[in-house]
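This report concerns only the one structure given below.
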Amino acid sequence: MIARIAGVLLALAAGLGVLPAAAQPGPLPLRLGYNVSAPIGTFIAAVGTDAFAKEGVKLEVQRFQDTAGLRDALIARHVDMGGVGITTMQQAIAAGAAMKAISAFEYMFTDKSGHPWEAVFLITRKDRNIKSLQDLKGRRVAVDSYVSWYLMLRDRLREANVDVKDITFLTMPYPQMGGAIVLDQVDAAIITSTEYVRTSQRLGVDILMTGSQLSNLKVDLTQAMFARAEWLQQNEEVTVRFLRALLKTRLYMQNDVEKNGGANIKRFIRDQLKFDDFLTDTFYRFRGGYAGRELDFINMLEIPRAVIDTNARTLVGSGLLQGRTPPSFDQTVDYRYLLRAYRELGLTWNDKKG
């Protein structure tokens, strides 16, 4: 694996798929919506290595605290592209929004060694003695929105014969959830792995379910990269440059994990998120250090079909589509830009994965 990655990196350094300096067009602007309450390891590493500027992308990052706000900004053309949860965007597409997912942004899965790379957990206050989904009856649960993880939890509750009306759900940004648990404003929360560790340092908590248990998928996404279909067609060059930057970042991360124990990734996490060593190691252990391990199941930045299908079924079961037909994989995902980036970087796409 190390030799393969090194070979690709050497080829990239030699200029594979890159125009001569004299022929390089100038930087192209891109307004990116980014959910700062759920930081993404690949984006952190891309910023740390200046990957976007090196690909000729002039990135303007607009920061959001929740999924719904970023979704609305995409639809309203306030940003060009953004990392958003699949469920909320499929709901928007079903309602007529001409949006397309062009790549994955972050995965959740358990690797072949049995290590869980989880972005979120359903945690509870230890003193509430909540041991099962049935024990959530009469309790208060914090969620970031009434889509995505909330809908996945509804499915699991339905399977456990628990009426969602017996639970009080409260929406709030991820960074506020820990404080809400400590202050006894909620009994449980679907919270990011980093905020879970922060909370566990202040109060006894239990993990009721992992993110992949909530979605019941072998490989799941926390976010995919979405943009308006019209904008993508008109801005193919900057789109491909952006994806090349993400792909090069993933290769860099794989190399750093395998050769350096992720030392550079940890440095980027520490510097950008202002984490102490404990939180840095926590973020790396749950979210930043899996680069390359997902390739046992999928191609780099690929969106698994099962994710699209599962989210579509969840939306139908929730009644949020109001009788509309859920968008299919082909209606949700457009791979032409990612595949072009693959070709330009000399990477191989395996159709048997995903």
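From the list Val238, Val257, Val205, pick out the single residue that is open to solvent by 10 Å² or more (accessible area, probe 1.4 Å), β-branched (Val, Ile, Thr) and in contact with a strand residue (DSSP E or B) (Cβ under 6 Å, 6 or more places away or on another chain). Give the derivation first.
Working: Val238 fails: open to solvent by 10 Å² or more (accessible area, probe 1.4 Å); Val257 fails: in contact with a strand residue (DSSP E or B) (Cβ under 6 Å, 6 or more places away or on another chain).
Every option except Val205 fails the conditions.
Looking at Glu195 and the list (1) free of Cβ contacts under 8 Å to residues at least 24 places away in the same chain; (2) farther than 25 Å from Thr67 by Cβ, which single condition is not satisfied?
Failed condition: (2).
Please return the ranges of helices (runs of 4 or more DSSP H) entirely within the range 250-354 where 1 or more residues are farther than 30 Å from Leu153 by Cα and of a type outside the set (Ser, Thr, Tyr). Reasoning before the result, please.
Values: elements: 263-273, 277-283, 305-318, 329-332, 336-345.
Here the list reads 263-273, 277-283, 336-345.
Consider the range 300-310. How many of its residues are among the aliphatic types (A, V, I, L, M) and either more than 16 Å from the chain's Cα centre (by Cα) or open to solvent by 10 Å² or more (accessible area, probe 1.4 Å) (or both)? Break it down into steps so the answer makes sense when it comes.
Of all residues in the range 300-310, those among the aliphatic types (A, V, I, L, M) come to 300-301, 303, 306-308.
Add one more test, that the residue is either more than 16 Å from the chain's Cα centre (by Cα) or open to solvent by 10 Å² or more (accessible area, probe 1.4 Å) (or both), and what stays is 300, 306.
Within the range 300-310, residues that are among the aliphatic types (A, V, I, L, M) and either more than 16 Å from the chain's Cα centre (by Cα) or open to solvent by 10 Å² or more (accessible area, probe 1.4 Å) (or both) number 2.
It is to be established whether one or more residues within the range 311-334 are surrounded by fewer than 19 Cβ atoms within 10 Å (Cβ to Cβ), in contact with a strand residue (DSSP E or B) (Cβ under 6 Å, 6 or more places away or on another chain) and not charged (D, E, K, R).
no
Among the residues of the range 102-110, is any out of contact with any strand residue (DSSP E or B) (no Cβ under 6 Å at 6 or more places or on another chain) and open to solvent by 20 Å² or more (accessible area, probe 1.4 Å)?
no
Return the total of residues in the range 139-170 being in contact (Cβ under 8 Å) with a residue 40 or more places away in the chain, touching a strand residue (DSSP E or B) at 6+ places or on another chain (Cβ under 8 Å) and open to solvent by 40 Å² or more (accessible area, probe 1.4 Å). Spell out how you get there, then give the answer.
Residues of the range 139-170 in contact (Cβ under 8 Å) with a residue 40 or more places away in the chain: 139-145, 147-156, 158.
Checking the rest, the ones that are also touching a strand residue (DSSP E or B) at 6+ places or on another chain (Cβ under 8 Å) come to 139-145, 149-150, 153, 156.
Restricting the remaining residues to those that are open to solvent by 40 Å² or more (accessible area, probe 1.4 Å) gives 139-140.
Qualifying residue count, the range 139-170: 2.
Go through (1) open to solvent by 40 Å² or more (accessible area, probe 1.4 Å); (2) farther than 17 Å from Thr210 by Cα; (3) outside any loop (DSSP other than H, G, I, E, B); (4) not hydroxyl-bearing (Ser, Thr, Tyr) and name the single condition Gln134 misses.
Here Gln134 clears every test but (2).
Pick from the range 182-192 the residues that are without any contact (Cβ under 8 Å) to a residue 60 or more places away in the chain and touching a Leu at 6+ places or on another chain (Cβ under 7 Å): which of them is nearest to Arg270 (Cα to Cα)?
Residues of the range 182-192 without any contact (Cβ under 8 Å) to a residue 60 or more places away in the chain: 182-186.
With the extra rule that they be touching a Leu at 6+ places or on another chain (Cβ under 7 Å), the set shrinks to 182, 186.
On the way: Val182: 25, Val186: 30 Å.
My answer is Val182.
I'm checking my understanding of the structure. Among residues of the range 268-299 that are aliphatic (A, V, I, L, M) and surrounded by 22 or more Cβ atoms within 10 Å (Cβ to Cβ), which one is farthest from Pro327 (Cα to Cα)?
Kept after step one, since they are aliphatic (A, V, I, L, M), are these residues of the range 268-299: 269, 273, 279, 291, 295, 298.
The next check asks that each one be surrounded by 22 or more Cβ atoms within 10 Å (Cβ to Cβ); those that pass are 269, 291.
Numbers: Ile269: 36, Ala291: 30 Å.
So, considering only residues that are aliphatic (A, V, I, L, M) and surrounded by 22 or more Cβ atoms within 10 Å (Cβ to Cβ), the one farthest from Pro327 (Cα to Cα) is Ile269.
Exactly one of these conditions fails for Ala263: (1) modelled with pLDDT of 95 or more; (2) open to solvent by less than 10 Å² (accessible area, probe 1.4 Å); (3) small (Gly, Ala, Ser). Give me its number.
(2)
The values are calculated or read from the model by the stated rules, or taken from the named source; none is laboratory data. Model, not experiment: these values are computed from the prediction. Note that each Cβ is placed from the backbone with ideal geometry, even for glycine, and that neighbours are counted across all protein chains shown. When the accessible area is computed, the model is the full protein with side chains, heavy atoms only, and any ligands, DNA or RNA have been set aside. Shrake-Rupley method; radii C 1.70, N 1.55, O 1.52, S 1.80 Å.
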